[in-house]
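Undergrad: First the structure, then my questions, so here it is.
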Amino acid sequence: MKIYSTLTRTKEELVPLAPKEVRMYVCGVTVYGVSHVGHARSAIVFDVIRRYLAFKGYRVTFVKNFTDVDDKIIKRAQEEGVSPSELSERYIAEFYQDMEAIGVLRADIEPKATDHIPEMIVLIERLLAGGFAYVVDGDVYFEIRQFPGYGRLSGKNLDELLAGARVEVDERKRDPRDFALWKSAKPGEPSWPSPWGDGRPGWHIECSAMSMRYLGESFDIHGGGEDLMFPHHECEIAQSEAATGQPFARYWIHNGFVNLGAEKMSKSLGNILTIRELVKRHDPDALRLWLLGTHYRNPVEFAEERVRETARALERLRGLIIEAERLSVPGIDGRYPNALERGYPEAWLAAIGHGELTRRAHPCVERFTDAMDDDFNTPGALAALFDLSHELYRYREAVGQGGKRADAFANGVRLLARLGWALGLFQRPAEGVAPSPARAAQAEPLVAEREQARNQRDWKRADELREALRKLGATVEDTPTGPRLKWERT
RNA sequence: GGCGGCGUAGCCAAGUGGUUAAGGCGGAGGUCUGCAAAACCUCUAUUCAGCGGUUCGAAUCCGCUCGCCGCCUCCA
């Protein structure tokens, strides 16, 4: 399969350092506030990448960090009159809640910067010993001139960076572009002892230290939002490769932004839309489906209406799962909340049990994996999924005729659910939106009475009751097996 | 100023040198239905911002023009 790497700006064949094993590190969040749609996109993109690699049969080790010490955290903690660690712990808990709400699996390892100060100190010492860094008044800086590759990832040359003249002017630095590895302690700020005096780590060093700790000095994939390309990832490469003399990450993956209207969304602009708010209004699967409808490297513009449209498309796919479950096929197993399973599309195709349906499903599955193999082309994969759903509905229409069998249909749906799993879809109960118990209790007698009216061919009364149910938020669908309620999201 | 990206149907969005330009939403007609809903069938871009060029052949490559956006500073 091919992955676009920012480092080379081309799609490259994925060749992991160890066969059949992928080690990936993704820069997580700085925990000083609630997460927004942009974080959701990044989390979902890498969740899908991780899932699909597992689906392909790779053993994936996925590390995603928390930055729990930095200027913003300290500032916010002071404003709120709590300790920085209290603040970061709170937002870590919030982050987990949000991720669960949108169906993002936990990473295998989720390290916090403050738990890895010793590793960072060791790394900084290596850099000092190698002549890549220098100490000034308890601060340690990385000297970028000592690392010729600096600027390669972001495609910047050093002179342009200087010409930009936005770099912080600090007389003590040998070069204005040098960046801090260690910052000396200021009163009232958290600090740790170090060979250079009490202080705290610079931003970039944590990711180098933690990725090396858990994945080794060289690993396969390093990812994050496109904004992290420079300076963060650029600095990570410099300090890591300077320290080890080894190539750091092999493939660099950056996801595009979520814009709000014409503007980018960011905490500093204050125009954020939180995940918390979003999942109140939208089905999490609709949110995911909407996000995956655009390739991960392209920007996407958020609009409530787009997500609502996507929810209608989702209903089509989900209708199949509901249908299959109604055929009492036990547990459509597209849902594996905590298990990463490798995929065997060929076996699943064969397991359908009816040659005709297998034959029709086959090209859909192939297009699905071809699209995903091509730099995680989720829009292409979704197109294949919709085509598969189409084939399944067609087949279901004809069940009972010409050898078409309900069990084959259900097996086909199971295949669809498995493909969906690789995208993180269909992991919740297929019924989707569940009514509150109170509403369900209210609806029950109305449905019963309506059935009675229909049996007596009292269409007027039946329609009144349909209307009454609609006011409760439920749409009635009459099916051969009886009425079915579809609840609105409230 | 430097670097990079984008402009495909009413809307969203794949495709990046060669059969009929995916898919979704929306819309039109039909089947089914007491009526609906869902599903199914048919249709909905002779054309890919514009203009030139390369090529037997371009939405796809090159040049120019217009429009939009991102990064260069904390940010997913």
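Undergrad: Restrict the check to segment A:378-389 and report whether at least one residue is within 23 Å of A:Arg484 (Cα to Cα) and either surrounded by fewer than 16 Cβ atoms within 10 Å (Cβ to Cβ) or within 14 Å of RNA strand B (Cβ to nearest atom) (or both).
TA: We begin by selecting, within segment A:378-389, every residue within 23 Å of A:Arg484 (Cα to Cα); these are A:389.
Retained after the next criterion (residues that are either surrounded by fewer than 16 Cβ atoms within 10 Å (Cβ to Cβ) or within 14 Å of RNA strand B (Cβ to nearest atom) (or both)): A:389.
Yes, that holds for at least one residue.
Undergrad: Quick check on A:Asp71: is it surrounded by fewer than 19 Cβ atoms within 10 Å (Cβ to Cβ) and either within 16 Å of A:Arg288 (Cβ to Cβ) or within 12 Å of RNA strand B (Cβ to nearest atom) (or both)? Talk me through it step by step, then tell me what you get.
TA: Values: surrounded by fewer than 19 Cβ atoms within 10 Å (Cβ to Cβ): yes; either within 16 Å of A:Arg288 (Cβ to Cβ) or within 12 Å of RNA strand B (Cβ to nearest atom) (or both): yes.
Criteria met by A:Asp71.
Undergrad: Take the residues in segment A:300-311 that are near RNA strand B (Cβ under 10 Å from one of its atoms) and without any contact (Cβ under 8 Å) to a residue 24 or more places away in the chain; name whichever of them is surrounded by the fewest Cβ atoms within 10 Å (Cβ to Cβ).
TA: Going through the qualifying residues, I end up with A:Glu305.
Undergrad: Next up: Going by what's in this entry, would A:Gly81 be described as modelled with pLDDT under 95, assigned by TED's automatic domain parsing to the domain that holds A:Glu189 and either in contact with a strand residue (DSSP E or B) (Cβ under 9 Å, 6 or more places away or on another chain) or closer than 30 Å to A:Leu416 by Cβ (or both)?
TA: Working: modelled with pLDDT under 95: yes; assigned by TED's automatic domain parsing to the domain that holds A:Glu189: yes; either in contact with a strand residue (DSSP E or B) (Cβ under 9 Å, 6 or more places away or on another chain) or closer than 30 Å to A:Leu416 by Cβ (or both): no.
It is false that A:Gly81 is modelled with pLDDT under 95, assigned by TED's automatic domain parsing to the domain that holds A:Glu189 and either in contact with a strand residue (DSSP E or B) (Cβ under 9 Å, 6 or more places away or on another chain) or closer than 30 Å to A:Leu416 by Cβ (or both).
Undergrad: Give segment A:197-224 a look and list any residue that's in a strand (DSSP E or B) and within 23 Å of the chain's Cα centre (by Cα), or say none.
TA: Let us first name the residues in segment A:197-224 that are in a strand (DSSP E or B), namely A:199-201, A:219-224.
Correct list: A:Phe219, A:Asp220, A:Ile221, A:His222, A:Gly223, A:Gly224.
Residue-by-condition table, conditions (1) within 19 Å of A:Ile221 (Cβ to Cβ); (2) part of a helix (DSSP H, G or I):
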{"residue": "A:Leu7", "(1), (2)": "yes, no"}
{"residue": "A:Tyr25", "(1), (2)": "yes, no"}
{"residue": "A:Ser42", "(1), (2)": "yes, yes"}
{"residue": "A:Val60", "(1), (2)": "yes, no"}
{"residue": "A:Ile73", "(1), (2)": "no, yes"}
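Undergrad: Can you go through A:Ala410, A:Ala351, A:Ala406 and tell me which one is in contact with a Leu (Cβ under 6 Å, 6 or more places away or on another chain) and open to solvent by 30 Å² or more (accessible area, probe 1.4 Å)?
TA: Details: A:Ala410 fails: open to solvent by 30 Å² or more (accessible area, probe 1.4 Å); A:Ala351 fails: in contact with a Leu (Cβ under 6 Å, 6 or more places away or on another chain).
One residue alone meets the criteria, A:Ala406.
Undergrad: In addition: Inspect segment A:46-53 for any residue being open to solvent by 10 Å² or more (accessible area, probe 1.4 Å) and either assigned to a loop (DSSP other than H, G, I, E, B) or touching a residue at least 60 places away in the same chain (Cβ under 8 Å) (or both) and give the result as yes or no.
TA: Within segment A:46-53, not a single residue is open to solvent by 10 Å² or more (accessible area, probe 1.4 Å) and either assigned to a loop (DSSP other than H, G, I, E, B) or touching a residue at least 60 places away in the same chain (Cβ under 8 Å) (or both).
Undergrad: If A:Leu181 satisfies every condition in (1) under 17 Å from A:Pro231 (Cα atoms); (2) open to solvent by 40 Å² or more (accessible area, probe 1.4 Å); (3) at pLDDT 95 or above but one, which is the exception?
TA: (2)
Undergrad: Looking only at segment A:434-449, decide whether some residue is of a type outside the set (Lys, Arg), in contact with a Leu (Cβ under 7 Å, 6 or more places away or on another chain), more than 9 Å from RNA strand B (Cβ to nearest atom) and within 28 Å of A:Val307 (Cβ to Cβ).
TA: Yes, segment A:434-449 contains a residue that is of a type outside the set (Lys, Arg), in contact with a Leu (Cβ under 7 Å, 6 or more places away or on another chain), more than 9 Å from RNA strand B (Cβ to nearest atom) and within 28 Å of A:Val307 (Cβ to Cβ).
Undergrad: Then there's this: Quick check on segment A:23-57: of everything there that is over 16 Å from A:Gln97 (Cβ atoms), in contact with a strand residue (DSSP E or B) (Cβ under 9 Å, 6 or more places away or on another chain) and of a type in the set (A, V, I, L, M, F, W, C), which residue is farthest from RNA strand B (Cβ to nearest atom)?
TA: Among those residues, the one meeting the criterion is A:Ala54.
Undergrad: Could you check segment A:222-249 and list, in sequence order, the residues that are away from RNA strand B (no atom under 14 Å from the Cβ) and touching a strand residue (DSSP E or B) at 6+ places or on another chain (Cβ under 6 Å)?
TA: A:Gln239, A:Ala249
Undergrad: Here are some residues: A:Ala441, A:Ala417. Which one is assigned to a helix (DSSP H, G or I), open to solvent by less than 10 Å² (accessible area, probe 1.4 Å) and either without any contact (Cβ under 8 Å) to a residue 60 or more places away in the chain or not polar (S, T, N, Q) (or both)? Break it down stepwise before answering.
TA: Details: A:Ala441 fails: open to solvent by less than 10 Å² (accessible area, probe 1.4 Å).
Among A:Ala441, A:Ala417, only A:Ala417 is assigned to a helix (DSSP H, G or I), open to solvent by less than 10 Å² (accessible area, probe 1.4 Å) and either without any contact (Cβ under 8 Å) to a residue 60 or more places away in the chain or not polar (S, T, N, Q) (or both).
Rundown of residues vs (1) modelled with pLDDT of 95 or more; (2) within 30 Å of A:Ile221 (Cα to Cα); (3) not assigned by TED's automatic domain parsing to the domain that holds A:Ile322, yes/no style:
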| site | (1), (2), (3) |
| --- | --- |
| A:His362 | yes, no, no |
| A:Met372 | yes, yes, no |
| A:Gly380 | yes, yes, no |
| A:Val399 | no, no, no |
| A:Gly402 | no, no, no |
| A:Arg405 | no, no, no |
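Undergrad: Kindly indicate which of A:Phe376, A:Phe386, A:Phe368 is outside any helix (DSSP H, G or I) and at pLDDT 95 or above.
TA: Details: A:Phe386 fails: outside any helix (DSSP H, G or I); A:Phe368 fails: outside any helix (DSSP H, G or I).
Answer to the check: A:Phe376.
Undergrad: Taking A:Phe66, is it over 26 Å from A:Glu234 (Cβ atoms), open to solvent by less than 70 Å² (accessible area, probe 1.4 Å) and in contact (Cβ under 8 Å) with a residue 40 or more places away in the chain? Outline the logic, then answer.
TA: Details: over 26 Å from A:Glu234 (Cβ atoms): no; open to solvent by less than 70 Å² (accessible area, probe 1.4 Å): yes; in contact (Cβ under 8 Å) with a residue 40 or more places away in the chain: yes.
So A:Phe66 fails the test.
Undergrad: If you don't mind, there's one more thing I want to ask. Looking only at segment A:106-136, filter to residues that are part of a loop (DSSP other than H, G, I, E, B) and open to solvent by less than 50 Å² (accessible area, probe 1.4 Å); which one of those is nearest to A:Ala54 (Cα to Cα)? Steps first, please.
TA: Within segment A:106-136, the subset part of a loop (DSSP other than H, G, I, E, B) is A:106-108, A:110-111, A:130-132.
Those still in the list that are open to solvent by less than 50 Å² (accessible area, probe 1.4 Å) too: A:107, A:110-111, A:130-132.
Details: A:Ala107: 13, A:Glu110: 18, A:Pro111: 21, A:Gly130: 38, A:Gly131: 41, A:Phe132: 38 Å.
For segment A:106-136, the residue satisfying everything is A:Ala107.
Conditions (1) crowded, with 20+ Cβ neighbours inside 10 Å; (2) under 18 Å from the mean Cα position of the chain (by Cα); (3) near RNA strand B (Cβ under 7 Å from one of its atoms), marked per residue:
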{"position": "A:Leu273", "(1), (2), (3)": "no, yes, no"}
{"position": "A:Arg276", "(1), (2), (3)": "no, yes, no"}
{"position": "A:Leu287", "(1), (2), (3)": "yes, yes, no"}
{"position": "A:Asn298", "(1), (2), (3)": "no, yes, yes"}
{"position": "A:Ala313", "(1), (2), (3)": "no, no, yes"}
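The values are calculated or read from the model by the stated rules, or taken from the named source; none is laboratory data. Worth saying up front: this structure is predicted, and the values here are computed from it rather than measured. Here the Cβ is made from the backbone with ideal geometry for all residues, glycine too, and neighbour counts use every protein chain on show. Protein only, heavy atoms only, side chains kept; ligands, DNA and RNA dropped before computing areas. Shrake-Rupley method; radii C 1.70, N 1.55, O 1.52, S 1.80 Å.
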